[in-house]
């Protein structure tokens with residue numbers, strides 16, 4: 001077997017088999033920006049399940065990158081994940097770019113991380129209010 005040059009050559013790849021939306025949580029911080037809009041945040045909730053992709057199906061090139069024919073591959077350890085994707089709100093509507101999704105191993109861990117995110121977002125909103 002030829003030597004692979006990629007850092008991804010020995011990483012496990014997986015495919016997404018289940019994507020289940022679990023709703024949205026939003027919070028208004030009762031703080032206004034310089035235009036008088038309420039500042040808040042929301043998180044979109046999902047449950048994702050990944051399964052391992054057999055090496056035969058990856059069809060790797062000489063650098064170790066997969067070239068599957070009919071599915072997308074992820075550098076995610078196979079298993080079940082509870083995900084939230086945060087975004088900012090202004091006057092109850094989405095504002096700015098959506099932030100990166102955050103993966104948690106359980107619903108409890110996700111809920112704790114969401115509470116921490118909302119607390120930090122509230123702190124930032126209060127600090128930057130009116131600027």
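The distance between label points at residue 101 and residue 25 comes to 1.8 nm (points 7 Å beyond Cα on the Cα→Cβ vector). Sequence-distant contacts, meaning Cα pairs under 8 Å at least 6 residues apart, place the relative contact order of the chain at 29 percent. Segment residue 75..residue 35, full-extension length gain: 10.2 nm, with 0.36 nm per residue of separation and the alpha-carbon distance subtracted. What do you get for the angle between helix 107-128 and the principal long axis of the chain? Use alpha-carbon atoms, 0 to 90 degrees, nearest ten. Helix 107-128 sits roughly 50 degrees off the main axis of the chain. Here semi-axes √(5λ) of the Cα gyration tensor in Å was computed from the coordinates, and among (1) 20, 17, 14; (2) 39, 16, 12; (3) 72, 11, 9 the match is (2).
What FRET efficiency comes out for residue 129 versus residue 109 if R0 is 30 angstrom and r is the Cβ-Cβ distance? Round to the nearest 0.05. That gives a FRET efficiency of 0.45.
Can you compute the FRET efficiency between residue 119 and residue 52 using 1/(1 + (r/R0)^6), with r the Cβ-Cβ distance and R0 = 35 Å? Round to the nearest 0.05.
Values: r = 36 Å, r/R0 = 1.03.
With R0 = 35 Å, the Cβ-Cβ based efficiency is 0.45.
Exposure proxy shown here: for 106, 14, the number of other Cβ atoms within 10 Å sets the order, fewest to most, as 106, 14. Each label was represented as a point 7 Å from its Cα along the Cα-to-Cβ direction; for residue 65 and residue 94 these points are 2.9 nm apart.
Each value in this text was obtained by applying a stated rule to the coordinates, not by laboratory testing. Just so it is clear, the model here is predicted, and its values are computed rather than measured. Methodologically, a virtual Cβ is constructed for each residue, glycine included, from the backbone with ideal geometry; neighbour enumeration extends over all protein chains shown.
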